[in-house]
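This report refers to the structure that appears directly beneath it.
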Amino acid sequence: MARLWMCSLWVLLAGSAASAQTRSNESDTIWTSGPLLEAVELMGVFSDSKTFVDMPLLKDAAAVNASFNALPKEANGFPANATLQKFLAANFGAAGSDFESAVPDDFSAEPDNFLPNVTDPAIRKWALQVNGLWQDLCREVNESVIQQPQLHSLLPLPGITAVPGDRFRELYYWDSFWVIKGLLVSGMTETATSEVTNLLSLQETYGHVPNGARVYYINRSQPPMLSNMVRAVYEATQDDGFLAYALPLLVSEHVYWTAAPKQVTVAADSGSYKLSRFYADWFAPRPESYLEDFKSAQGMSSSQQQQLWHDLASGAESGMDFSSRWFGNPDNISTIQTTRIIPAELNAYLYQMESNIAELADEMGNSTLAASFRDFAAARKEAINTLMYNETAGRWFDLIIDDTSRSPVAAVQNNNTISYVSQYIPLWVGIADEGSSQAAAVTRSFFESGLIQPGGISTSTYNSTQQWDFPNCWAPLQDIMVEGLMMYGGEEGQREAEKIVQIWLNSNYLGYQETGFMVEKYDALTPGIPGAGGEYAVQSGFGWTNGVMLSFLNTFGWNPEAPNMTTAVAT
């Protein structure tokens with residue numbers, strides 16, 4: 001039987017923490033730094049930089065390093081490619097072999113009361129096929145990861161998890177929120193609980209939720225969605241024991257995001273304000289993108305390279321890796337300056353976290369904690385509106401820090417001519433009050449931004465060839481903006497949100513009928529066509545796409561007569 005949260009939770013969590021403590025620095029550096037990593041990645045042994053760092057050791061790290069150091073070297077200082085391949089085959093297992101497929105106990109091929117608003121036979125068939133993909137995406141770590149964590153880059157997890165798919169063969173942080181939304185539509189409450197409990201266990205072990213469940217991701221987090229996941233699962237289960245376990249960990253995550261150097265104090269004429277930024281604890285090439293980062297730093301001094309790699313890792317922490325939004329020159333990734341940027345959407349997410357913690361604290365009868373977090377939320381809302389909101393543009397702009405070495409910092413709005421979805425995400429969390437003139441202005445601005453396209457909401461209006469730019473559409477951004485418009489956009493916003501839902505569902509459906517796959521991103525201009533750009537080929541699976549699709553069908557149903565819907569994939 002699959003291991004679920006309801007089964008021996010506390011024993012599993014204790015085992016996970018103990019496993020983390022028994023990791024060795026030498027084994028971790030196999031996948032994060034050192035001559036072996038450098039040789040494998042720079043010699044291009046694998047087409048994807050991520051492959052090697054996902055391969056488990058078959059032997060002790062010290063013995064593997066000693067064997068590697070004894071290999072004959074070529075004039076370039078590295079072993080020959082064939083020698084490296086033979087060495088890897090003898091000392092490492094296959095990438096991803098530390099996870100095992102797992103069919104959750106609560107999976108059903110035909111869930112009870114599934115999508116009652118969907119009656120079209122073809123769409124119901126498609127939805128049931130997507131529901132069936134949970135069987136393919138659910139995993140649990142094998143026993144070796146628990147018993148011998150030093151042999152694995154995979155971090156121990158106490159229960160079943162749903163992975164995004166393809167090369168993303170492990171648990172990811174912010175993806176999980178939309179995965180959980182889909183699992184709940186599929187009636188898989190126990191698996192949804194397991195998914196969030198895995199993340200809570202990582203928070204408990206590392207003091208933050210890593211980007212993903214690999215040792216090379218510990219240096220950074222991802223957009224803080226944990227409180228949303230806890231809230232969704234608690235609303236579904238009403239399990240006070242789960243909430244009692246989760247609430248202190250949410251508070252500790254808040255500390256992580258509001259401590260220096262992530263949090264900065266911004267000086268303004270109206271006073272000083274505390275806001276947060278993405279800031280990874282990493283100053284080297286990202287192991288999972290080693291070759292790409294190495295190439296981006298060519299021709300730079302050592303200090304410039306370290307700053308570049310720091311900003312690349314910090315950009316990856318944003319979940320939007322990468323976008324012209326992070327660059328000084330929108331066409332040049334080597335001009336990335338993530339740590340100089342105070343992002344509007346990150347601080348919106350933190351406002352949402354603070355509001356969620358206050359509500360969950362009330363549920364637990366902790367009025368003192370609730371009051372503290374309402375104060376935190378009110379202060380952040382004031383800071384976001386005072387420093388980031390632009391009345392003329394009707395959106396919230398990121399801030400650019402003039403000199404990161406100063407405290408408090410001086411920062412100005414980065415109000416360039418490119419539209420980004422991130423400039424409107426504060427609407428989703430309630431930074432503009434319902435029914436206010438500000439909410440109406442933001443809604444109008446969004447409609448006029450150029451972001452709404454025939455295939456969905458584009459991430460930006462600028463084509464930099466990066467994957468979080470035009471013309472790519474991503475499922476979580478559709479969900480965020482649809483919910484924001486439904487809650488705060490008035491009647492016009494609600495009508496447009498319902499149209500966006502149908503446009504997005506249509507694109508998903510056309511793409512699935514054409515290819516048989518759900519993918520991580522889609523083309524905004526041509527419904528059904530996968531997205532492109534970035535550091536790797538488009539991936540299928542796909543956790544958050546499936547989750548948003550099921551959630552949209554559950555809430556809105558299927559309306560083939562929606563305006564601007566196309567009927568065929570363009571060729």
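Observations
- Checking each residue in the range 522-532 for being in contact with a strand residue (DSSP E or B) (Cβ under 6 Å, 6 or more places away or on another chain) and not in a loop (DSSP other than H, G, I, E, B) picks out Y522, P530.
- Filter result (within 19 Å of L350 (Cβ to Cβ) and in a helix (DSSP H, G or I)) within the range 207-228: L226, S227, N228
- Only one of the numbered conditions (1) within 22 Å of G315 (Cβ to Cβ); (2) surrounded by fewer than 22 Cβ atoms within 10 Å (Cβ to Cβ); (3) within 19 Å of the chain's Cα centre (by Cα) is violated by T461, and that is (3).
- Output for the range 502-525, where each listed residue is closer than 30 Å to R444 by Cβ, open to solvent by less than 40 Å² (accessible area, probe 1.4 Å) and touching a residue at least 60 places away in the same chain (Cβ under 8 Å): Q502, I503, N506, Y522, D523, A524
- Hey, I418 assigned to a loop (DSSP other than H, G, I, E, B), open to solvent by less than 30 Å² (accessible area, probe 1.4 Å), farther than 18 Å from K274 by Cβ and touching a residue at least 12 places away in the same chain (Cβ under 8 Å) or not: yes
- Set A432, A475: member being crowded, with 24+ Cβ neighbours inside 10 Å, of a type outside the set (F, W, Y) and under 20 Å from the mean Cα position of the chain (by Cα): A475
- Selection status of L477, touching a strand residue (DSSP E or B) at 6+ places or on another chain (Cβ under 7 Å), closer than 28 Å to D433 by Cβ and hydrophobic (A, V, I, L, M, F, W, C): yes
- Set side by side, the residues T258, T193 differ, and just one is in contact with a Leu (Cβ under 8 Å, 6 or more places away or on another chain) and more than 21 Å from E317 (Cβ to Cβ), which is T193.
- Only one of the numbered conditions (1) under 24 Å from M481 (Cβ atoms); (2) in contact (Cβ under 8 Å) with a residue 60 or more places away in the chain is violated by G315, and that is (2).
- For first residues located in the range 334-349 and closer than 11 Å to Y279 by Cα, partners that are open to solvent by 10 Å² or more (accessible area, probe 1.4 Å) and of a type in the set (D, E) and lie 6+ apart or on another chain with Cβ distances below 7 Å form the pairs I341/D398; I342/D398.
- Checked against the criterion of being surrounded by fewer than 24 Cβ atoms within 10 Å (Cβ to Cβ), among the β-branched types (V, I, T) and in a helix (DSSP H, G or I), the range 343-364 contains not a single residue that satisfies it.
- The requirement of being modelled with pLDDT of 95 or more, open to solvent by less than 50 Å² (accessible area, probe 1.4 Å), among the hydrophobic types (A, V, I, L, M, F, W, C) and assigned to a helix (DSSP H, G or I) is satisfied by V64.
- Pairs, first in contact (Cβ under 8 Å) with a residue 60 or more places away in the chain and closer than 20 Å to I180 by Cβ in the range 200-229, second open to solvent by less than 10 Å² (accessible area, probe 1.4 Å) and small (G, A, S), C-beta under 6 Å, six or more apart: S201/S16; Q222/G319; P223/G319
- Scanning the range 375-394 for residues that are open to solvent by 30 Å² or more (accessible area, probe 1.4 Å), among the charged types (D, E, K, R) and within 26 Å of the chain's Cα centre (by Cα) gives a single hit, K381.
- Listed by position, the helices (runs of 4 or more DSSP H) contained in the range 89-200 that have at least 1 residues being touching a strand residue (DSSP E or B) at 6+ places or on another chain (Cβ under 7 Å), open to solvent by less than 10 Å² (accessible area, probe 1.4 Å) and closer than 19 Å to F517 by Cβ are 121-137, 175-185.
- Residue in the range 317-328 that is open to solvent by 30 Å² or more (accessible area, probe 1.4 Å) and over 18 Å from the mean Cα position of the chain (by Cα) present: yes
- Scanning the range 67-88 for residues that are part of a loop (DSSP other than H, G, I, E, B) and either in contact (Cβ under 8 Å) with a residue 12 or more places away in the chain or at positive phi (or both) yields L71, G77, F78, P79.
- Consider the range 533-550 and keep the residues that are assigned to a loop (DSSP other than H, G, I, E, B) and at pLDDT below 95. The one that is nearest to L505 (Cα to Cα) is G541.
- Candidates in the range 252-273 are the residues that are among the hydrophobic types (A, V, I, L, M, F, W, C) and touching a strand residue (DSSP E or B) at 6+ places or on another chain (Cβ under 6 Å); of these, the one that is most open to solvent (accessible area, probe 1.4 Å) is V264.
- Any hit, the range 27-50, residues being within 21 Å of V215 (Cα to Cα), in contact (Cβ under 8 Å) with a residue 12 or more places away in the chain, open to solvent by 10 Å² or more (accessible area, probe 1.4 Å) and of a type in the set (G, A, S): yes
- Residue list for the range 464-519, restricted to those being farther than 14 Å from V421 by Cβ and charged (D, E, K, R): E491, E492, R495, E496, E498, K499, E514
- The criterion of being over 30 Å from T191 (Cβ atoms), in contact (Cβ under 8 Å) with a residue 12 or more places away in the chain, among the hydrophobic types (A, V, I, L, M, F, W, C) and part of a helix (DSSP H, G or I) does not hold for L247.
The values are calculated or read from the model by the stated rules, or taken from the named source; none is laboratory data. Keep in mind that this is a model prediction, so the values were computed, not measured. Virtual Cβ from ideal backbone geometry, glycine too; neighbours counted across all protein chains shown. Just so you know, the surface numbers come from the protein's heavy atoms only, side chains and all, with ligands and any DNA or RNA stripped out. Shrake-Rupley method; radii C 1.70, N 1.55, O 1.52, S 1.80 Å.
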